[in-house]
Amino acid sequence: MASALSSRRLRALFTKEMLQVLRDPSTILIAVFLPIMLVFLFGYGVSLDTSVVRLGLIQQSSGSASRSLAASYANSPYFDVTQSNDKEALFADLTAGRIRGIVTIASDFDRRYAASGKTAQIEIVTDGSNPSTANFVSAYAQGVHAQWLASQSAEGKQTQSGGIQVMPQFWYNTALTSRNFLVPGSFAVILTMIGSLLTALVVAREWERGTMEALIATPVTIPEFIITKMTPYFILGLIAATICTLMAVFIFDVPFRGSILALYILYAAFLMPALGQGLLISAALRNQFVASQVALLTAFLPAFLLSGLIFEISSMPRWIQAITYAVPARYLIPPLQSLFLTGNVWPLLLPNIAILLGFGSLFFVLIFRVTRKSLD
């Protein structure tokens, strides 16, 4: 009777699988070129930063305070200001999308400011069809106003702040560049796609080509079969993760403040559920096309939409938040971003690594249950 594991059979099966990988150009394409393309996409094509926004400015008062505030908006690096007294024309531009907001300095602004800085209000109208841009315009328009009041305070004039100045400090990502957390976070999507999509095809390919029947007739055990099916793709996953990391650091200048050891422990822990999910799909469905579609629906899309990469989980409906706990990518993105931007925060790393290994163990238990050395 065949032993549970044989080093000779493991070497033979591993060699067979590696040759299959090297002979299949689509595998190399997905494992090497797809990560490069996706990292470039997330690095250059996806950004949550809003730099220069077109802004309309209506100055209805001609006093010195109004002129000074209008100059502050015109000189702001965040706004491309179009100044006009034609309110209807600016609102037409806002409706057409040519500008994203309108700031109005009312006709009584100077009088109110002279009487009391607290009542020197401005009106801000934004285009709410794009909420993120609308929030940006509103926040930065208020920020320019507050900064102007602070500058007036420094000159000994009345302000609503009473001479108090707020000095914000931003740790870890001081430039507030979204690329610094989007690029590391995208690795979860990339590794999910590589791990689940590639392994979703391996067992189904054996059934479709008729080679599974030959393997069933050999002394190969189920543990040997699963180990040798997973190991080459585990290696490919680490290669893809290495490519992504090098691109993030040397092309996109994302700071890396953690340790290489912690990074690869995290990568390895995440690849276990990613590969396990794909292998489970492949073993259960036995059809490459169906397996690939199920892998995209159950692995890639949840990793992209429900992991917290693009959309904040806390802003989702509660029943959606509950679903995100079943998405392994949710447990990779925060520790991965922390490794890049903060360093080795082990109280964050260790629980997430344990959860990822738990997911991987669950998938492999299910794989052993559905994988049989039989034709039924």
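The values are calculated or read from the model by the stated rules, or taken from the named source; none is laboratory data. Keep in mind that what you see is a predicted model, and the values were worked out from it rather than measured. Note: ideal-geometry Cβ built from the backbone for every residue, glycine included; neighbour counts use all protein chains shown.
Structural remarks
- Evaluating Arg23 against the criteria (1) under 29 Å from the mean Cα position of the chain (by Cα); (2) of a type outside the set (Phe, Trp, Tyr); (3) not assigned by TED's automatic domain parsing to the domain that holds Ala141 leaves one unmet condition, (1).
- Only one of the listed residues (Leu297, Leu306) is among the hydrophobic types (A, V, I, L, M, F, W, C), closer than 30 Å to Leu22 by Cβ and assigned by TED's automatic domain parsing to the domain that holds Leu41. That residue is Leu297.
- Residues being exposed (fewer than 12 other Cβ atoms within 10 Å of the Cβ) and outside any helix (DSSP H, G or I) - total across region 86-104: 2
- The set of residues in region 22-33 being in contact (Cβ under 8 Å) with a residue 24 or more places away in the chain and surrounded by fewer than 17 Cβ atoms within 10 Å (Cβ to Cβ) consists of Val32 alone.
- Helices (runs of 4 or more DSSP H) contained in region 284-376 and holding at least 2 residues closer than 30 Å to Ala217 by Cα: 288-295, 346-370
- Checked against the criterion of being of a type in the set (Val, Ile, Thr), out of contact with any Ser or Thr (no Cβ under 6 Å at 6 or more places or on another chain) and touching a residue at least 12 places away in the same chain (Cβ under 8 Å), the candidates Ile260, Ile222, Ile265 yield just one match: Ile265.
- Of all positions in region 344-362, none carries a residue that is under 19 Å from Ala262 (Cβ atoms), under 17 Å from the mean Cα position of the chain (by Cα) and not polar (S, T, N, Q).
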